[in-house]
Amino acid sequence: MVHRAAPVAAVVVLAVLVLVLGVVNPVRMSSVRTDALGPDNDETAEQYLDRVGAPVPGDDPQWALVSFSRELTADEVPSVVDGARVSVVYVHVVVDRVQTPLVEVPVPDTRQVVIRSVREAARLVPPGRSERGRAVQTLVRNRLLADCACVAGVLVRSTGNRLVALAGSADIRAVEALPTDAVFGRFAVAPLYPERVGDAVQPDDGPLPPA
């Protein structure tokens, strides 16, 4: 019995050691990941543009964020991103020193729906939680219903070759693409606003213009 106890004890110690190592250093699941498109909150526009660089040519389709160099009207979008399938339109009403919501408008691949996206965004504006918030909501909705130039960017599905061509447009400020195996719905998106120079922390102390 004495001779058998030592091997058994060694096996028990080894099993406990493996269990402890597994808890301290868990195996990371490579299939669980979160990608993101757009600048970080503390990243300046210049830092983001330097980080993103230029798209890589290729024939495989990719998800990519196209951020515009100026706010576009909805009917301008199809021609600016000609050849790329628009999946989401990012709408943002710019008001000096007033924080306004980013509205995401999912669209099927049809020109008519894309050019109606700004008016559709009016229906999706989140409600305000204070008197000022409700006033901002009213202001934003009214401008969207008037078909303002309020499109900051779009999420597209296109080949690397087409993305390279888009990056050379004067109306496009940045094109950031995900790897070809990225899955829709598993990545976050925050467009680079045309007016953004510094980080994303903007003051909210300006007067509201008439709605």
**Q.** Filtered residue count, the stretch 86-134, keeping only those that are among the β-branched types (Val, Ile, Thr) and over 23 Å from Ala64 (Cβ atoms)
**A.** 6
**Q.** Ser169, sole failed condition from (1) among the polar types (S, T, N, Q); (2) touching a residue at least 40 places away in the same chain (Cβ under 8 Å); (3) farther than 21 Å from Gln47 by Cα
**A.** (3)
Q. Any chance the stretch 182-192 includes a residue that's over 30 Å from Asp50 (Cα atoms) and either assigned to a loop (DSSP other than H, G, I, E, B) or acidic (Asp, Glu) (or both)?
A. no
(Q) Name the single residue that is farthest from the chain's Cα centre (by Cα) among those in the stretch 83-94 being of a type outside the set (S, T, N, Q) and in a strand (DSSP E or B). (A) Arg85
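Every residue, every condition in (1) within 16 Å of Glu176 (Cβ to Cβ); (2) hydroxyl-bearing (Ser, Thr, Tyr); (3) without any contact (Cβ under 8 Å) to a residue 40 or more places away in the chain; (4) surrounded by 13 or more Cβ atoms within 10 Å (Cβ to Cβ), yes or no:
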| site | (1), (2), (3), (4) |
| --- | --- |
| Gly38 | yes, no, no, yes |
| Ala45 | yes, no, no, yes |
| Val52 | yes, no, no, yes |
| Val56 | yes, no, no, no |
| Ala74 | no, no, no, yes |
| Pro78 | no, no, yes, yes |
| Tyr90 | yes, yes, no, yes |
| Val94 | no, no, no, yes |
| Arg111 | no, no, yes, yes |
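Listed here are the residues, each with its yes/no results for (1) out of contact with any helix residue (DSSP H, G or I) (no Cβ under 9 Å at 6 or more places or on another chain); (2) modelled with pLDDT of 95 or more.
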residue: Val114; (1), (2): no, yes
residue: Ala122; (1), (2): no, yes
residue: Val136; (1), (2): yes, yes
residue: Leu145; (1), (2): no, yes
residue: Ala174; (1), (2): no, yes
residue: Pro203; (1), (2): yes, no
Q | Of all residues in the stretch 115-132 being within 20 Å of Asp75 (Cα to Cα) and more than 18 Å from the chain's Cα centre (by Cα), the one that is surrounded by the fewest Cβ atoms within 10 Å (Cβ to Cβ) | A | Arg123
Q | The listed residue being touching a Lys or Arg at 6+ places or on another chain (Cβ under 8 Å), within 30 Å of Leu208 (Cα to Cα) and surrounded by 15 or more Cβ atoms within 10 Å (Cβ to Cβ), out of Leu144, Leu139 | A | Leu144
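The values are calculated or read from the model by the stated rules, or taken from the named source; none is laboratory data. Keep in mind it's a predicted model, so treat the numbers as computed, not measured. We place every Cβ from the backbone using ideal geometry, glycine too, and count neighbours over all the protein chains shown.
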